[in-house]
Amino acid sequence: MPIRTYRDLEVFQEAYSAALKVSRLTKSFPQFEQLEIGRQLRKAVRSVPANIVEGWAKRASASEFKRYLQVAIGSCAETRMWLEMSKDEGYLCEKDYAELNLLYERIGARLARLWKQWTSYPR
């Protein structure tokens with residue numbers, strides 16, 4: 001299937017779906033943590049698909065496209081740290097943490113591949 005929009009990128013689809021999952025999960029955090037760790041976690045997970053979209057819109061410029069992908073990669077790493085902290089604080093069970101950590105590791109790796117292969121996408 002040809003890639004015509006950012007929605008056609010599997011990494012965007014996965015990042016968007018994961019962001020929704022994490023956002024919903026943070027609603028089970030204690031009220032005071034929804035405004036602390038929960039807010040930071042939601043901000044990080046939403047940054048991943050948002051930066052893919054913004055980079056895609058600027059893909060005519062290689063440096064701009066790659067810059068936004070780097071920000072998305074950084075947001076994946078930040079997400080993993082907030083997930084770990086949420087687990088260690090007792091707000092995420094080990095199973096949810098392991099699943100989400102692996103998911104964001106995979107999203108980060110896919111973004112890194114996209115960063116390297118950006119020239120194969122239409123501009």
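All of the numbers you see were taken from the coordinates with simple rules; none came from a lab. For clarity, every value in this text was computed on a predicted model and none was experimentally measured. Neighbour counts run over all protein chains shown; Cβ positions are idealised from the backbone, glycine included.
Compute a Gaussian network model of the chain, connecting alpha carbons closer than 10 Å, and tell me which residue from ALA77, ALA44, ALA109 fluctuates the most.
ALA109
Whole-Hz Karplus ³J(HN,Hα) for the stretch 110-115, in order, using 6.51 cos²θ - 1.76 cosθ + 1.60 and θ = phi - 60°, x for Gly and Pro?
5, 5, 4, 5, 4, 4
With a point put 7 Å past each Cα toward its Cβ, work out how far ALA112 is from MET1 in nm, to one decimal.
In this crude label model, ALA112 to MET1 measures out at 2.7 nm.
Would you kindly state how much longer the chain becomes between GLN31 and LYS58 on full extension, computed as 0.36 nm times their sequence separation minus their alpha carbon distance, in nm to one decimal? Working shown, then result.
Numbers: separation 27, 0.36 × 27 = 9.72 nm, distance 3.84 nm.
5.9 nm is the gain from fully extending GLN31 to LYS58.
Counting only pairs 8 or more residues apart or on different chains, how many lysine pairs in the chain have their Cα atoms under 19 Å apart?
11
Name the residues whose placed amide hydrogens come within less than 5 Å of the amide hydrogen of LEU92, ignoring near sequence neighbours (fewer than 5 apart) on the same chain.
Amide H neighbours of LEU92, under 5 Å, 5+ apart: LYS87.
Per residue Cα convex hull volume for the chain, in cubic angstrom? Don't skip to the answer; put the middle values down first.
Values: hull volume 10.9 nm³, N = 123.
About 89 Å³ per residue, rounded to a whole number.
Extension gain MET85-GLN13, at 0.36 nm per residue separation less the Cα-Cα distance, in nm? Mind dumping the intermediate values first?
On the way: separation 72, 0.36 × 72 = 25.92 nm, distance 2.56 nm.
So the chain would gain 23.4 nm between MET85 and GLN13.
So how far apart, in nm, are the two label points at LEU102 and ALA77 if each is 7 Å from Cα heading toward Cβ?
So the label points at LEU102 and ALA77 sit 2.4 nm apart.
Could you work out how much longer the chain between GLU94 and GLN70 gets when fully extended? Use 0.36 nm per residue separation minus the Cα distance between them, nm to one decimal.
Details: separation 24, 0.36 × 24 = 8.64 nm, distance 2.85 nm.
That pair, GLU94 and GLN70, stretches by 5.8 nm at full extension.
So, with +1 on the Cβ of K and R and -1 on the Cβ of D and E, and no other charges, what is the size of the charge dipole of the stretch 7-118 about its Cα centre, to the nearest 20 debye? Kindly include the intermediate steps, with their values, before the conclusion.
Values: 19 positive and 15 negative charges, 103 e Å.
Result for the stretch 7-118 is approximately 500 debye, rounded to the nearest 20.
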